[in-house]
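Undergrad: Have a look at this one.
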Amino acid sequence: MAQAWNSEIIYQIYPKSFQDTNGDGVGDLRGIIQRLDYIHSLGVTAIWLNPIFQSPQVDNGYDVSDYYTIDPLFGDMKTMEELIHSAHDRGLKVIFDMVLNHTSSRHKWFQEALKGRDNPYRDYYLWKDPKPDGSPPNNWSSFFGGSVWEKEPNGDQYYLHLFDKEMPDLNWENPKVREEMVDMARFWLSKGIDGLRLDAFIHMAKEPGYPDAPYAKPGELVQAEEYFANLPSIDTYLRDFAHSIRQEFPNAYLLGEAASAIPERALDYTLPRGEACDSVVSFRYFPMKPAKKESVLPREAQSEVLNKREFKKTMAEWQRIVGSVSEPTLYWNNHDLGRAVSRFGDEAYREASSKMLATLMYLQKGTPVLLYGEEIGMRNVEFDALRPAVQVSLQKRVDELRHWGIPEKEAKKMAVAQNVVASRGAMQWEEETYAGFSTDRPWSGVNNDAAHTVSAQAIRPDSVLSHYKKVLELKKTDVFMNGAYRLLVAPESVFAYLRWTDAQTALVVCNYQPNEETVTFEELAEEPNAVLLTNGEHQLRDGKLTLSPYASVVLEWKKESKGKEE
């Protein structure tokens with residue numbers, strides 16, 4: 001049985017954007033090693049690295065051409081081994097990002113598969129004949145646009161790719177593919193890594209026969225996820241994979257990326273305990289709505305804000321369904337989503353809202369997963385701070401938004417926010433050229449944001465960084481690791497919940513708005529024993545709690561329980 005990871009706090013590092021040591025504008029493994037003391041000081045217990053394997057970098061490393069080789073962009077095997085050992089010396093676990101659904105088209109397996117139908121590697125991928133008229137086999141669209149089917153260069157069949165055409169999907173029905181992926185995982189676990197983040201694993205199975213989506217218009221391509229996401233055979237593939245590696249590495253941690261999973265499906269992916277994923281990340285945590293109610297613009301041309309009412313409902317469902325028997329992930333952002341304070345906070349209350357978001361999310365039941373720079377209040381990289389090549393790629397979207405009458409400054413901000421580049425700006429270490437990330441211009445971009453660098457935040461006891469450290473220290477206590485959970489009824493912009501054990505009860509109250517708010521809960525009838533954490537101003541008088549804009553407070557009562565599970 002795998003160990004319980006409910007006491008872990010994971011820090012996600014996007015290696016290209018974290019720390020460059022050789023002056024090429026791209027982060028590297030040596031840079032991560034140099035920053036391990038800082039990472040450890042945060043109070044996190046594990047680091048998750050986005051892919052560092054050999055890759056053409058069509059999709060920033062998620063197109064792997066060799067799973068057994070470190071991409072020279074980041075370093076070499078010797079440096080990787082040093083990183084693993086150095087992390088372990090500081091009590092930090094290491095999690096690798098493993099791409100199981102597809103490879104690069106330059107992978108030796110696919111290059112062999114292209115040699116013909118009789119090649120033994122042909123069945124490592126998914127192939128189908130064209131329709132009688134020579135068109136692609138069905139009307140499914142790729143996540144990257146266009147058909148999921150690409151004609152092979154020297155034959156008459158099509159191969160399937162849910163992502164870029166240079167990222168062909170693997171055939172998980174083939175036992176040899178499953179064996180190859182297990183062997184690869186064992187190789188890295190034997191090197192000393194502690195776990196795997198399973199990228200896009202929910203897509204490893206496809207509907208047999210690859211039927212057309214019947215609701216598409218003639219000639220239309222549609223993202224028919226019901227045919228290639230969360231299918232029943234995924235459970236078999238996942239459990240067989242987990243069982244195979246845990247025979248030799250019983251404590252291997254598996255964090256699954258289940259982007260479109262609902263709580264019930266996430267439960268399938270995490271049960272039985274120790275026989276599947278330890279936890280999964282779903283992108284369904286955050287229901288959004290247009291920022292302006294009466295806008296005549298189409299949805300795709302509008303700024304969005306979190307639907308707080310639906311967000312409460314969503315989080316309550318994940319805590320009730322998954323949190324009662326497994327470990328939900330607790331996160332605000334990652335490399336595919338906009339930065340927390342830009343997407344969910346308030347620019348006018350940047351520090352207060354950053355702190356409030358940390359308190360709200362990470363003291364719930366589950367495993368926190370922080371994105372590098374979140375702890376210093378990093379926001380989306382600004383359009384004008386991006387490299388020229390990235391600006392050019394986004395300019396079309398800016399022009400579309402301006403066509404709808406959106407001012408240029410706002411259009412640039414929206415274009416970045418709607419793109420994965422938003423969260424991939426260089427880490428802001430110091431107030432100097434390129435923020436101490438590199439001596440050369442970063443590969444993506446870097447904000448000129450002196451107040452939100454590590455050096456500036458570290459010397460302020462009231463900084464976002466200081467608050468994050470306090471939250472994570474509190475997270476490690478028994479009530480927030482193991483305590484029961486109940487979301488409380490509160491005004492729409494107040495997020496409040498109880499955590500409790502037999503010895504302690506904690507009340508977490510967060511004011512999620514730019515106005516003062518007063519609330520009352522039955523627990524407040526008795527004076528708390530202590531204030532465990534606070535940001536902003538709060539006042540408790542006669543059972544009523546008043547919070548300043550974006551303030552949060554954590555109150556404690558000892559020795560007796562103050563709530564019951566519902």
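The values are calculated or read from the model by the stated rules, or taken from the named source; none is laboratory data. Just so you know, these numbers come straight off a predicted model, no measurement behind them. Methodologically, a virtual Cβ is constructed for each residue, glycine included, from the backbone with ideal geometry; neighbour enumeration extends over all protein chains shown. Areas reflect the complete protein model, heavy atoms only, side chains present, ligands, DNA and RNA absent. Shrake-Rupley method; radii C 1.70, N 1.55, O 1.52, S 1.80 Å.
Undergrad: Can you list residue pairs whose Cβ atoms sit under 9 Å apart, with the first residue in segment 459-478 being closer than 12 Å to residue 9 by Cβ and the second being charged (D, E, K, R) and open to solvent by less than 90 Å² (accessible area, probe 1.4 Å)? Count only pairs 6 or more apart in sequence or on different chains.
TA: 468/355; 468/374; 468/375; 469/375; 471/355; 472/375
Undergrad: Can you tell me which residue among 497, 468 is of a type in the set (Phe, Trp, Tyr), under 28 Å from residue 36 (Cα atoms) and not in a loop (DSSP other than H, G, I, E, B)? Full working, then the answer.
TA: Values: 497 fails: under 28 Å from residue 36 (Cα atoms).
After ruling out the rest, the residue left standing is 468.
Undergrad: Suppose we filter 422, 415, 411 for residues that are over 23 Å from residue 351 (Cα atoms), open to solvent by less than 50 Å² (accessible area, probe 1.4 Å) and under 22 Å from the mean Cα position of the chain (by Cα); which single one remains?
TA: 415
Undergrad: Would you point out which residue out of 359, 314 is out of contact with any strand residue (DSSP E or B) (no Cβ under 8 Å at 6 or more places or on another chain), closer than 22 Å to residue 485 by Cβ, surrounded by 15 or more Cβ atoms within 10 Å (Cβ to Cβ) and hydroxyl-bearing (Ser, Thr, Tyr)?
TA: 314
Undergrad: Still on this model: Would you pick out the residues in segment 319-343 that are more than 25 Å from residue 96 (Cα to Cα) and either surrounded by 24 or more Cβ atoms within 10 Å (Cβ to Cβ) or hydroxyl-bearing (Ser, Thr, Tyr) (or both)?
TA: Correct list: 324, 341, 342.
Undergrad: Continuing with this model, one more query. Which of the residues belonging to segment 513-544 are small (Gly, Ala, Ser) and either part of a strand (DSSP E or B) or open to solvent by less than 60 Å² (accessible area, probe 1.4 Å) (or both)?
TA: Residues of segment 513-544 small (Gly, Ala, Ser): 525, 530, 536, 543.
Passing the criteria: 530, 536, 543.
Undergrad: Picking from 205, 242, which residue would you name as being under 30 Å from residue 85 (Cβ atoms) and crowded, with 20+ Cβ neighbours inside 10 Å?
TA: 242
Undergrad: Please enumerate the residues belonging to segment 278-311 that are out of contact with any Lys or Arg (no Cβ under 7 Å at 6 or more places or on another chain), acidic (Asp, Glu) and either surrounded by fewer than 17 Cβ atoms within 10 Å (Cβ to Cβ) or within 18 Å of residue 342 (Cα to Cα) (or both).
TA: Across segment 278-311, the qualifying residues are 294, 300, 310.
Undergrad: Okay, moving on. Just name the residue that is farthest from residue 416 (Cα to Cα) out of those in segment 267-305 that are among the hydrophobic types (A, V, I, L, M, F, W, C) and in contact with a helix residue (DSSP H, G or I) (Cβ under 8 Å, 6 or more places away or on another chain). Can you show your working first?
TA: Of all residues in segment 267-305, those among the hydrophobic types (A, V, I, L, M, F, W, C) come to 267, 271, 276-277, 280-281, 283, 286, 288, 291, 296-297, 301, 305.
Imposing the further condition that a residue be in contact with a helix residue (DSSP H, G or I) (Cβ under 8 Å, 6 or more places away or on another chain) reduces the set to 267, 276-277, 280, 286, 301.
Values: 267: 34, 276: 36, 277: 33, 280: 27, 286: 19, 301: 13 Å.
This residue is 276.
Undergrad: Identify all residues within segment 245-262 that are more than 18 Å from residue 184 (Cβ to Cβ) and either buried (at least 18 other Cβ atoms within 10 Å of the Cβ) or of a type in the set (Gly, Ala, Ser) (or both); write none if there are none. Walk me through how you get there before you give the answer.
TA: Within segment 245-262, the first condition is being more than 18 Å from residue 184 (Cβ to Cβ), and the residues that meet it are 250-251, 258-262.
Passing the criteria: 258, 259, 260, 261.
Undergrad: Right, another one. List every residue pair whose Cβ atoms sit under 8 Å apart, with the two residues 6 or more apart in sequence or on different chains, where the first one lies in segment 177-191 and is within 16 Å of residue 243 (Cβ to Cβ) and the second, anywhere, is among the acidic types (Asp, Glu) and open to solvent by 50 Å² or more (accessible area, probe 1.4 Å).
TA: From residues that are within 16 Å of residue 243 (Cβ to Cβ), the pairs are 178/240; 186/248; 189/248.
Undergrad: Given the residues 494, 508, 479, which is the only one that is more than 14 Å from residue 363 (Cβ to Cβ), open to solvent by less than 20 Å² (accessible area, probe 1.4 Å) and out of contact with any Pro (no Cβ under 8 Å at 6 or more places or on another chain)?
TA: Going through 494, 508, 479 in turn, the sole match is 494.
Undergrad: Another question, if that's okay. Which members of segment 545-559 meet the condition of being under 29 Å from the mean Cα position of the chain (by Cα) and either in a strand (DSSP E or B) or aromatic (Phe, Trp, Tyr) (or both)? First the steps, then the outcome.
TA: Filtering segment 545-559 down to residues under 29 Å from the mean Cα position of the chain (by Cα) leaves 549-554.
Listed by number, the residues that qualify are 550, 552, 553, 554.
Undergrad: Being of a type outside the set (A, V, I, L, M), open to solvent by 60 Å² or more (accessible area, probe 1.4 Å) and assigned to a helix (DSSP H, G or I) is true for just one of 118, 133, 156, 183. Which residue is that? Walk me through how you get there before you give the answer.
TA: On the way: 118 fails: assigned to a helix (DSSP H, G or I); 133 fails: assigned to a helix (DSSP H, G or I); 156 fails: assigned to a helix (DSSP H, G or I).
Residue meeting the stated conditions: 183.
Undergrad: To continue, here is another question. List the strands (runs of 3 or more DSSP E) that sit entirely inside segment 254-360 and contain at least 2 residues that are hydrophobic (A, V, I, L, M, F, W, C) and touching a residue at least 40 places away in the same chain (Cβ under 8 Å).
TA: By residue number, 279-281.
Undergrad: Based on what the data block shows, is residue 392 in contact (Cβ under 8 Å) with a residue 24 or more places away in the chain and either among the β-branched types (Val, Ile, Thr) or surrounded by fewer than 23 Cβ atoms within 10 Å (Cβ to Cβ) (or both)?
TA: no
Undergrad: I want to confirm something. Restricting to segment 423-440 and keeping residues that are aliphatic (A, V, I, L, M) and assigned to a loop (DSSP other than H, G, I, E, B), which single residue is farthest from residue 453 (Cα to Cα)?
TA: 426
Undergrad: Working only within segment 68-83, note down all residues that are of a type in the set (A, V, I, L, M) and farther than 19 Å from residue 17 by Cα.
TA: 77
Undergrad: Being open to solvent by less than 30 Å² (accessible area, probe 1.4 Å) and of a type in the set (Gly, Ala, Ser) is the filter here, so list the residues in segment 137-153 that pass it.
TA: Passing the criteria: 141, 142, 147.
Undergrad: For residues that are open to solvent by less than 40 Å² (accessible area, probe 1.4 Å) and under 16 Å from residue 329 (Cβ atoms), scanning just segment 268-277, find the one that is farthest from the chain's Cα centre (by Cα).
TA: First, pick out the residues of segment 268-277 that are open to solvent by less than 40 Å² (accessible area, probe 1.4 Å): 269-270, 274, 276-277.
Filter again for under 16 Å from residue 329 (Cβ atoms), leaving 269-270, 276-277.
Values: 269: 17, 270: 17, 276: 19, 277: 15 Å.
Among those residues, the one meeting the criterion is 276.
Undergrad: From 365, 413, grab the single residue that is over 27 Å from residue 73 (Cα atoms) and outside any loop (DSSP other than H, G, I, E, B). So that I can check it myself, show each step before the final result.
TA: Details: 365 fails: outside any loop (DSSP other than H, G, I, E, B).
Residue meeting the stated conditions: 413.
Undergrad: Here's something else I'd like to know. If only one of 242, 213 is among the small types (Gly, Ala, Ser), in contact with a strand residue (DSSP E or B) (Cβ under 7 Å, 6 or more places away or on another chain) and assigned to a helix (DSSP H, G or I), which one is it?
TA: 242
Undergrad: Would segment 190-210 turn up any residue that is of a type in the set (Gly, Ala, Ser), closer than 15 Å to residue 238 by Cβ and assigned to a loop (DSSP other than H, G, I, E, B)?
TA: Among the residues of segment 190-210, at least one is of a type in the set (Gly, Ala, Ser), closer than 15 Å to residue 238 by Cβ and assigned to a loop (DSSP other than H, G, I, E, B), which makes the answer yes.
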